[in-house]
Structure formats: C-alpha cells, structure tokens
C-alpha cells in the first residue's frame with residue numbers, strides 16, 4: 001500500500017476484491033478488446049473481405065495481454081485514451097492493426113464497456129442483497145415469537161415481536177431487489193452508432209445497404225451476451241441509464257441505513273447488539289464501551305451513496321445534443337464509487353445480521369415495565385363485560401395512568417399501575433387477576449402469523465428462485 005499518496009478508502013477499507021476487479025483497468029481494457037473482436041467478426045461475417053480469419057485470430061490471441069506501457073506512452077503523446085489503446089493493440093497485432101476499431105467511434109468501446117461493467121456489478125450487488133435477505137429471513141423466523149416493545153415516534157407503543165420488526169427491514173430490501181432486477185432487465189448495449197448516432201460510417205463501409213447495417217448492432221450485442229441495443233442514440237447511450245442504476249444503489253443504501261439506525265437505537269437500549277469481537281476496542285478513553293461501529297459505518301457509507309446518486313442525474317440533465325464530454329470525469333468517479341460503497345454496505349450488513357445478539361431478558365424487562373399501560377384497554381373491556389361504563393372506566397384509567405407515570409418519571413419508582421387499578425373500586429378485579437393479563441404474547445397481535453405468512457408467500461419463493469446466489473458471508477476489513 002502506498003503511503004505517500006492518496007488512495008480511496010473505498011478500495012482500502014470497504015469494497016470487496018471482486019467488486020474492485022469489476023471496475024479495474026484490466027476489466028475495462030480487456031472488454032474494449034473483446035468489443036473490437038466482436039466488431040471485426042461482425043463486419044467480416046457481413047461481407048467485409050478485407051478482414052480475414054488470420055486477423056481475428058491474432059486479435060483473440062492478444063485480447064488479455066494488455067501492453068499498458070505502450071498505451072500510456074502513446075496517450076501522453078496523443079491525449080486520447082481510445083486511440084492510445086487502438087495503437088497499443090495494433091503493436092501486438094500487426095496483421096490486424098489496420099482494421100481495429102473500423103467504422104467505430106470512441107463510445108463504441110467506452111460506452112458499451114460501461115454498460116457491461118455496470119451489468120456485472122449489478123450481478124454482484126444482487127448476490128449480496130439476496131444473501132442479506134436470506135440472513136434476515138433466518139433471523140425473523142428464529143425470533144418471530146419473542147415479544148418486544150414497539151415504538152412509534154420512539155415512544156413505547158403496542159408490542160410487536162423481534163422477528164416481525166426484522167420483516168420491516170427485509171421488506172425494504174425486497175423492494176430494492178425488485179428495482180434492481182427491473183433496471184438490470186432494461187440494460188442494453190449502445191452498439192456501434194457512430195459519431196452522432198447515425199451510423200454514417202457503415203453506410204460507406206457497406207455501400208448504403210441498410211438491411212445489412214441493421215444486422216450489425218444485434219450481432220455485436222449477441223457476441224457480448226446482450227439481447228438488444230438501444231434503438232436510438234446520439235454518440236453515447238442516454239446518461240439517464242446511469243441515473244437509473246445509481247438510484248437503485250441509493251435505494252439499497254437507504255434501506256441499509258434504516259436498518260442500521262434501528263440497530264443502533266436497540267443497542268443503546270441493550271436489547272439487540274451488533275457483533276463485537278473479543279479484542280475489539282470500543283473507545284480509546286472508555287474501555288467499557290461497545291460502540292455500534294458496524295452499523296455506524298453502514299449509515300456513513302449510505303449517506304455517501306444517496307448523495308452520489310445526484311451526480312448521474314445532473315450529468316444526464318446537462319448533456320448537450322448528441323454528445324458533450326462534461327460527463328466523463330464525473331461518470332468515471334461517481335458510478336464506480338457508488339458501486340464500491342454499496343458493496344461495502346452489503347458486506348457489513350451480512351456481517352451484522354449474521355451475528356446479531358438478542359438480549360431477550362432485557363427485552364422482556366423493558367416490555368414488562370410498559371405493559372401495564374398497554375393492557376388497560378383489555379382490562380377496561382373485561383370490566384365492561386361485567387357491567388361497567390366504558391366512558392367512566394376510560395377516565396378513571398387515564399387518571400390512574402397519569403399517577404403511575406408520575407411515579408416512574410418523577411419518583412423513580414416501578415410502574416405500579418396494576419396496584420392502583422386493583423385498589424380502585426371502579427374495577428372489581430384483584431391484583432392477582434390483573435397480573436394474569438400481563439402475558440406479552442397476548443398483545444403482539446398477528447405478529448407471529450404475519451412473519452410466517454410473509455416468509456412463506458413472499459420471501460421464500462424469491463430465495464428459492466435465487467438459491468444459486470446464496471452462501472455469501474460478510475466481513476469487515478478494519
């Protein structure tokens with residue numbers, strides 16, 4: 001690791017080697033060469049006799065052996081990356097050098113490679129997203145019956161279960177998966193459209209034969225593993241494509257951020273904790289601390305990704321006519337870094353969800369301290385059945401609840417609402433009878449049923465359909 005110059009933390013600390021390779025120079029320039037081979041093969045197959053099998057075999061023999069030194073030296077001279085690599089490839093392929101890039105413009109290799117790279121990156125994101133959903137599904141199923149205090153406005157509310165809460169996190173990731181699959185299904189290659197998207201160069205090469213020229217893009221797409229190309233374009237594919245892809249990444253980041261926030265709050269309550277290694281240090285000053293650094297890192301990276309999605313949107317909005325180059329510098333930063341950051345987010349999510357610690361005794365203690373307030377409606381209904389007046393009972397419970405709440409908040413006492421109700425003549429129920437109502441599972445509604453139904457009908461079919469993607473485990477680099 002270089003210590004005398006800046007290196008991106010996304011590479012050093014967060015993103016996996018697999019994602020980093022997808023956006024590597026090797027991936028980029030090897031794909032350029034595959035595209036030049038596909039173009040030459042297509043042109044030969046459609047009748048250009050100046051392209052021979054010997055030339056194509058020469059191109060194939062050198063497709064992965066990138067002579068970077070030659071390309072870099074040439075680029076310093078001509079200030080053009082594509083022509084530098086055309087030259088470098090030609091140095092290695094002297095027989096084929098005259099037909100490399102024939103009829104194409106720079107965006108043939110640049111833009112088609114960007115689409116191919118984003119497609120590969122989406123495949124990896126999808127794999128890790130499915131694995132996060134799988135881990136959450138296991139967690140939800142394991143804790144579907146454990147009652148816990150639910151919150152609205154971060155104020156105690158009607159109980160739920162730990163597993164039911166996990167389905168809320170899972171459902172947002174499921175929505176992200178739907179968005180990812182849709183956007184990925186719409187990705188198309190640019191094809192070879194020429195300098196302004198008119199394919200004028202091919203009119204010359206193929207003597208104005210439109211029927212033959214119509215075959216070029218579909219043939220290239222098939223050779224590169226795509227079903228189709230964008231039907232019309234300027235010199236580039238529409239930069240709105242990048243916007244759509246990065247919006248998917250921002251959606252995943254938002255879902256992960258929400259989950260990480262909840263985990264951080266639960267860790268403050270000591271109810272649920274993220275993994276904490278034996279030798280991990282939480283604070284340089286306070287040795288006892290267990291800071292939720294993984295969840296905090298998720299939130300931090302997520303903020304970056306959400307904001308990063310503005311970059312391709314602005315780029316898309318400000319493109320002029322058939323092509324300007326003010327997209328280039330922004331695009332080569334914002335798209336890869338969005339993917340690298342989301343890759344890091346999902347790695348940490350896998351690590352966190354797989355190792356979540358549930359402190360059921362603390363959860364039950366917190367719930368039981370609030371449950372008497374939540375049980376009052378059931379108590380009131382039971383007394384009405386015995387002939388009580390609902391409105392009078394409601395007012396009396398309100399007054400007693402205020403008194404019990406004051407004892408807790410102002411005097412530091414335990415919640416004594418049940419004792420107050422038992423001592424009140426309006427309620428013909430003894431303390432033991434009232435305590436029998438303090439069974440948390442009575443107050444979680446359909447939580448257990450909802451978890452089972454959601455997993456069975458929604459999540460499990462998706463996991464089954466993507467079972468070949470399962471098995472990834474997350475890790476935290478530092």
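Points to keep in mind about this one:
- Selected residue [touching a helix residue (DSSP H, G or I) at 6+ places or on another chain (Cβ under 7 Å) and modelled with pLDDT of 95 or more] from 263, 307: 263
- Output for region 388-424, where each listed residue is within 23 Å of residue 366 (Cβ to Cβ) and in a loop (DSSP other than H, G, I, E, B): 410, 411, 412, 413, 414, 415, 416
- Among (1) within 36 Å of the chain's Cα centre (by Cα); (2) under 17 Å from residue 28 (Cα atoms); (3) crowded, with 16+ Cβ neighbours inside 10 Å - the single one residue 72 does not satisfy: (3)
- Of the helices (runs of 4 or more DSSP H) lying entirely inside region 428-478, the ones with 2 or more residues being surrounded by fewer than 11 Cβ atoms within 10 Å (Cβ to Cβ) are found at 460-465.
- Which numbered condition residue 55 misses (of (1) surrounded by 18 or more Cβ atoms within 10 Å (Cβ to Cβ); (2) within 30 Å of residue 340 (Cβ to Cβ)): (2)
- The condition of being under 19 Å from residue 16 (Cβ atoms) and either assigned to a helix (DSSP H, G or I) or touching a strand residue (DSSP E or B) at 6+ places or on another chain (Cβ under 9 Å) (or both) holds for residue 127.
- Which numbered condition residue 275 fails, given (1) touching a strand residue (DSSP E or B) at 6+ places or on another chain (Cβ under 8 Å); (2) surrounded by fewer than 22 Cβ atoms within 10 Å (Cβ to Cβ); (3) over 16 Å from residue 353 (Cβ atoms); (4) in contact (Cβ under 8 Å) with a residue 60 or more places away in the chain: (3)
The values are calculated or read from the model by the stated rules, or taken from the named source; none is laboratory data. Predicted, not measured: the structure shown is a model, and the values here were computed from it. Methodologically, a virtual Cβ is constructed for each residue, glycine included, from the backbone with ideal geometry; neighbour enumeration extends over all protein chains shown.
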